[in-house]
Amino acid sequence: MNEKTQPSIRRAAVTDAERLAELGAQTFYDTFAATNTPEDMTAYLSSSFSAALQAAELADTNTRFLIAEIDGTAVGYAKLQSNPSPPCVTGSSPIELCRLYVSRTVIGSGVGAALMQACIDESKAEGYKTMWLGVWERNERAKKFYERWGFQVAGEQNFQLGSDAQTDWVMYRDIGGD
């Protein structure tokens, strides 16, 4: 897909648990398998993307998922969560953007941008004023994407991928609001 594609974006329901588990595992694998060991990938995928875990997260009132679809096919998703922010995030009323992934077939087509805008809009509507996230220090594409959206580095945090302790940059930005 070379042209900009406008997906439909909707809030996920508990009935989307299996779809989110599959999409989450596939997009994470596509993004990180080449730069991590198969053992670490298997451990992380099995602990993070089961349908049961997705169903539990979908039922959690502090968590919301947005799904991007094109012609009825899920091509991306984002996960927002009302988590306490690390001390380096100094903005008020923070919300964490835990995940934002798109299928490799649509990277560069505008799906990620549409998801990001939907995340900002939803968060502002819920009264949040700051959005923060962790991004792997070696994920250049993602870091550049977030920088284009006005996120700035505030610090670092640990991310455990199987047996590998990795370093994530903590980034945040003001999303406005009243």
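This table checks each residue for (1) closer than 24 Å to residue 70 by Cβ; (2) not small (Gly, Ala, Ser).
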{"residue": "99", "(1), (2)": "yes, yes"}
{"residue": "114", "(1), (2)": "yes, no"}
{"residue": "121", "(1), (2)": "yes, yes"}
{"residue": "124", "(1), (2)": "no, yes"}
{"residue": "143", "(1), (2)": "no, yes"}
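When region 99-116 is filtered for residues that are polar (S, T, N, Q) and buried (at least 16 other Cβ atoms within 10 Å of the Cβ), the ones remaining, listed by number, are 103, 109. Taken over region 157-178, the residue count meeting the criterion of being modelled with pLDDT of 95 or more and of a type outside the set (Phe, Trp, Tyr) is 5. A single entry from 61, 27 fulfils the requirement of being without any contact (Cβ under 8 Å) to a residue 24 or more places away in the chain and of a type in the set (Ser, Thr, Tyr): 61.
Out of all the residues in region 163-177, which are open to solvent by 30 Å² or more (accessible area, probe 1.4 Å) and in contact (Cβ under 8 Å) with a residue 12 or more places away in the chain?
Here is the first cut: in region 163-177, the ones open to solvent by 30 Å² or more (accessible area, probe 1.4 Å) are 163-165, 167, 169, 172-174, 177.
If the condition is that a residue be open to solvent by 30 Å² or more (accessible area, probe 1.4 Å) and in contact (Cβ under 8 Å) with a residue 12 or more places away in the chain, then 163, 164, 167, 169, 172, 173, 174, 177 are the ones that fit.
Just one residue in the set 85, 123 is of a type in the set (Ser, Thr, Tyr), more than 14 Å from the chain's Cα centre (by Cα) and open to solvent by less than 70 Å² (accessible area, probe 1.4 Å); that residue is 85. Of the residues examined, residue 44 is not one that is among the aromatic types (Phe, Trp, Tyr) and open to solvent by 60 Å² or more (accessible area, probe 1.4 Å). Residues of region 128-154 that are outside any helix (DSSP H, G or I), at pLDDT 95 or above and not aromatic (Phe, Trp, Tyr): 129, 130, 131, 133, 134, 135, 150, 152, 153, 154. Residue count for region 48-82 satisfying the condition of being surrounded by fewer than 12 Cβ atoms within 10 Å (Cβ to Cβ) and under 19 Å from residue 166 (Cα atoms): 0. Tell me whether region 20-34 contains one or more residues that are more than 24 Å from residue 110 (Cα to Cα), open to solvent by less than 80 Å² (accessible area, probe 1.4 Å) and aromatic (Phe, Trp, Tyr). For region 20-34, residues more than 24 Å from residue 110 (Cα to Cα), open to solvent by less than 80 Å² (accessible area, probe 1.4 Å) and aromatic (Phe, Trp, Tyr): absent.
I'd like the full set of residues that are open to solvent by 30 Å² or more (accessible area, probe 1.4 Å) and under 9 Å from the mean Cα position of the chain (by Cα), limited to region 88-98.
So the first thing to find is which residues in region 88-98 are open to solvent by 30 Å² or more (accessible area, probe 1.4 Å), and the list is 88, 90, 92-94, 98.
Passing the criteria: only 98.
Only one of the numbered conditions (1) open to solvent by less than 50 Å² (accessible area, probe 1.4 Å); (2) in contact (Cβ under 8 Å) with a residue 40 or more places away in the chain; (3) not polar (S, T, N, Q) is violated by residue 138, and that is (1). For region 80-110, a residue qualifies if it is in contact with a Ser or Thr (Cβ under 6 Å, 6 or more places away or on another chain) and outside any loop (DSSP other than H, G, I, E, B), and the qualifying residues are 81, 94, 95, 101. So is residue 52 touching a Leu at 6+ places or on another chain (Cβ under 8 Å), in a helix (DSSP H, G or I) and without any contact (Cβ under 8 Å) to a residue 40 or more places away in the chain or not? Criteria not met by residue 52.
The values are calculated or read from the model by the stated rules, or taken from the named source; none is laboratory data. As the structure is a computational prediction, the values presented were derived from the model and not from experiment. Every residue, glycine among them, receives a Cβ derived from its backbone with ideal geometry; neighbour counts consider all protein chains shown. Side chains included, ligands, DNA and RNA excluded: accessible areas come from the protein's heavy atoms. Shrake-Rupley method; radii C 1.70, N 1.55, O 1.52, S 1.80 Å.
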